[in-house]
Amino acid sequence: MDYDAHSDPTECLQLNVSVFDLFKIGIGPSSSHTMGPMTAAYRFVREVEQRGQLAKVARVTVDLYGSLALTGKGHCTDSAVTLGLAGWMPAQLDPDVGAKLIEEVRQHGKLSLAGSQSIEFRIDRDIHWHYKDSLPYHPNALTLRAYDAQNGQVHEGTFYSVGGGFVVTDAEAQSPAAVATGPAIPFPFENAEELLEIAEREKVRIADIMMSNECALRSEQEVRAGLDRIWAAMSACIDRGLREEGILPGGLNVKRRAAKVRETLEERERNKVTDPLIAMDWISAWALAVNEENAAGGKVVTAPTNGAAGVVPAVLRFYDRYCNGTVEGRHTFLLTAAAIGSLYKRNASISAAEVGCQGEIGVACSIAAAGLAAAQGGTNSQIENAAEIGMEHNLGLTCDPIRGLVQIPCIERNTAGALKAVGAVRLALMGDGTHHVTLDRVIETMRRTGADMRDSYKETSLGGLAVNVPEC
């Protein structure tokens, strides 16, 4: 099975989210505004194809609503939808190939629908931005319509990009239980309390529970190979980001900094400069590298989203370099992080358009802390404590990107999230796991805080830094 191209449209609606759903390989700059719309457009044309109506289609229109419209241009949503209509999924796309296809569509006004049916398609004409309109289920909504040569409607579909690259149709949104599929898993859990109870009853680690659930879908060998593939993609993204220089696209003229930081740190190490905090600087460099790659439209792994994609890789590389990391430890890290991430996905949100950046950087910090605590041998109670600390001190974090780009404050915010995750683990491991605020309570608090937050602070670029800081 190709985990990177995992595309079961209903699996995200099951009781627990798979590690390969939470950590998806795709492209930047946004999981909800780039990967999600691309997947929605891909699913739309496949629906048309499965109905045997692809040859009838002469024209396609796309309507973007709410946050997708307000910040979609900065997130390349129009390009993403176009690529999805052409038959591309995020995990399969080479960014250079995608850029060339978009240029050809803009130049010639033609698109090969699903890679086979040539239609007229003009991005500026056929994609409509509804800045003042939102659909009720979720702020990230899009409706696609296909028409024949006589302008008769062939097919229509409404999709919601609900964060982290997850997409649901209107029907799935209305009746999720009716469309949930897949084999039964041995240890379903709805909240952290249940997860800890199962672990105590079975005398196992959280990672073991997650592995058992994954093995209901595929063999353990396949799971471990998939985990290795995830880490390889994360590591490659760090390494590329540490090499690349120049200006990030989008018009803010933001300079890449990761390569310069790397050079500075390597020079300190060559000269044997005593610096007890150099590990912190490396964590920042690794997080910067990933999110600069994301901002440039490169290959990244949702963790749990693109905007927060630098936190988990930076903390995992910290484990590898400074904690004598092992393959087994990396697997434990990712499985544990996914188990905790599934709780946020189920009981709150990982969408900044729904709950602000606490649902992205906050969740990334929390799951990275859980993963690192587990990889370092923490008890299940200490792991839960680390995850709770990671989120508790990100509550209320807004999403207010300047010009709708995943650059300011998003890139630096990943460095802060990664450093905070490591701090949370160090604090949790010095205790016995006993604490006052449970992870379940902090997840519910995050959900309520997101509901109370004004829309201007939820990935609309209508408040906060987006309007109070002059564009660079």
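The values are calculated or read from the model by the stated rules, or taken from the named source; none is laboratory data. Keep in mind that what you see is a predicted model, and the values were worked out from it rather than measured. Because the Cβ atoms are built from the backbone with ideal geometry, glycine has one as well, and the counts that use them run over all protein chains shown.
When the stretch 115-138 is filtered for residues that are surrounded by 14 or more Cβ atoms within 10 Å (Cβ to Cβ), under 16 Å from ALA41 (Cα atoms) and modelled with pLDDT under 95, only GLN117 remains. The sole residue among ALA40, ALA69 that is within 20 Å of the chain's Cα centre (by Cα), more than 30 Å from ALA236 (Cβ to Cβ) and surrounded by 24 or more Cβ atoms within 10 Å (Cβ to Cβ) is ALA69.
Considering the stretch 29-81, and only residues there that are in a helix (DSSP H, G or I) and among the acidic types (Asp, Glu), the residue that is farthest from GLY165 (Cα to Cα) turns out to be GLU49.
Considering every residue within the stretch 45-66, establish whether at least one is crowded, with 24+ Cβ neighbours inside 10 Å, within 15 Å of the chain's Cα centre (by Cα), farther than 22 Å from GLU292 by Cα and not assigned by TED's automatic domain parsing to the domain that holds THR460. For the stretch 45-66, residues crowded, with 24+ Cβ neighbours inside 10 Å, within 15 Å of the chain's Cα centre (by Cα), farther than 22 Å from GLU292 by Cα and not assigned by TED's automatic domain parsing to the domain that holds THR460: absent. From the residues in the stretch 231-246 that are of a type in the set (A, V, I, L, M) and touching a strand residue (DSSP E or B) at 6+ places or on another chain (Cβ under 6 Å), which one is nearest to ALA287 (Cα to Cα)? Once the filter is applied, the top-ranked residue is MET234.
Here GLY356 fits the description: of a type outside the set (Lys, Arg), over 22 Å from ILE25 (Cβ atoms) and under 22 Å from the mean Cα position of the chain (by Cα). If you filter the stretch 413-448 down to residues that are outside any helix (DSSP H, G or I) and of a type in the set (Gly, Ala, Ser), you find that the one that is nearest to the chain's Cα centre (by Cα) is GLY433. Among residues of the stretch 308-336 being assigned to a loop (DSSP other than H, G, I, E, B) and touching a Gly at 6+ places or on another chain (Cβ under 9 Å), the one that is surrounded by the most Cβ atoms within 10 Å (Cβ to Cβ) is GLY310. Looking only at the stretch 416-440, residues that are within 20 Å of LEU343 (Cβ to Cβ) and surrounded by 14 or more Cβ atoms within 10 Å (Cβ to Cβ) come to 11 in all. In the stretch 403-420, the count of residues that are farther than 28 Å from ILE209 by Cα and in contact with a strand residue (DSSP E or B) (Cβ under 9 Å, 6 or more places away or on another chain) is one or more. In contact (Cβ under 8 Å) with a residue 24 or more places away in the chain, touching a helix residue (DSSP H, G or I) at 6+ places or on another chain (Cβ under 7 Å) and not in a strand (DSSP E or B) - does that describe any residue in the stretch 158-166? Checked against the condition, which is being in contact (Cβ under 8 Å) with a residue 24 or more places away in the chain, touching a helix residue (DSSP H, G or I) at 6+ places or on another chain (Cβ under 7 Å) and not in a strand (DSSP E or B), the stretch 158-166 yields at least one hit.
ASP400 meets the stated requirement of being surrounded by 24 or more Cβ atoms within 10 Å (Cβ to Cβ) and among the charged types (D, E, K, R).
A count restricted to the stretch 449-462 and to residues that are assigned to a loop (DSSP other than H, G, I, E, B) and either in contact with a Cys (Cβ under 7 Å, 6 or more places away or on another chain) or at pLDDT below 95 (or both) stands at 4.
Name the one entry in ALA199, ALA225, ALA207, ALA232 that is within 22 Å of PHE318 (Cα to Cα), buried (at least 17 other Cβ atoms within 10 Å of the Cβ) and assigned by TED's automatic domain parsing to the domain that holds LYS260. Criteria check complete, one pass: ALA207. For the stretch 374-389, the criterion of being more than 21 Å from GLU194 (Cβ to Cβ) and surrounded by 24 or more Cβ atoms within 10 Å (Cβ to Cβ) is met by at least one residue. Restricted to the stretch 371-386, and to residues that are without any contact (Cβ under 8 Å) to a residue 60 or more places away in the chain and in a helix (DSSP H, G or I), which residue is farthest from ASN347 (Cα to Cα)? Top of the filtered list is ALA375.
Matching residues to (1) in the same structural domain as SER456 (by TED's automatic domain parsing); (2) touching a residue at least 24 places away in the same chain (Cβ under 8 Å); (3) under 21 Å from LEU419 (Cα atoms):
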residue: ASP320; (1), (2), (3): yes, no, yes
residue: VAL327; (1), (2), (3): yes, yes, no
residue: LEU335; (1), (2), (3): yes, yes, yes
residue: SER342; (1), (2), (3): yes, yes, no
residue: GLY362; (1), (2), (3): yes, yes, yes
residue: SER366; (1), (2), (3): yes, yes, yes
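Residue-wise test of (1) surrounded by fewer than 20 Cβ atoms within 10 Å (Cβ to Cβ); (2) in contact with a strand residue (DSSP E or B) (Cβ under 6 Å, 6 or more places away or on another chain); (3) of a type outside the set (A, V, I, L, M).
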| residue | (1), (2), (3) |
| --- | --- |
| LEU113 | no, yes, no |
| ASN140 | no, yes, yes |
| THR143 | yes, yes, yes |
| TYR160 | no, yes, yes |
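Residue count for the stretch 457-472, restricted to those that are among the small types (Gly, Ala, Ser), within 19 Å of GLY362 (Cβ to Cβ) and within 21 Å of the chain's Cα centre (by Cα): 0. Of everything in the stretch 82-111 that is among the acidic types (Asp, Glu) and either at pLDDT 95 or above or crowded, with 17+ Cβ neighbours inside 10 Å (or both), the residue that is nearest to ILE27 (Cα to Cα) is GLU103.
Every condition in (1) surrounded by fewer than 18 Cβ atoms within 10 Å (Cβ to Cβ); (2) free of Cβ contacts under 8 Å to residues at least 60 places away in the same chain is met by ARG218 except one, and the failing one is (2).
Among the residues examined, GLY84 does not qualify as in a loop (DSSP other than H, G, I, E, B) and touching a residue at least 40 places away in the same chain (Cβ under 8 Å).
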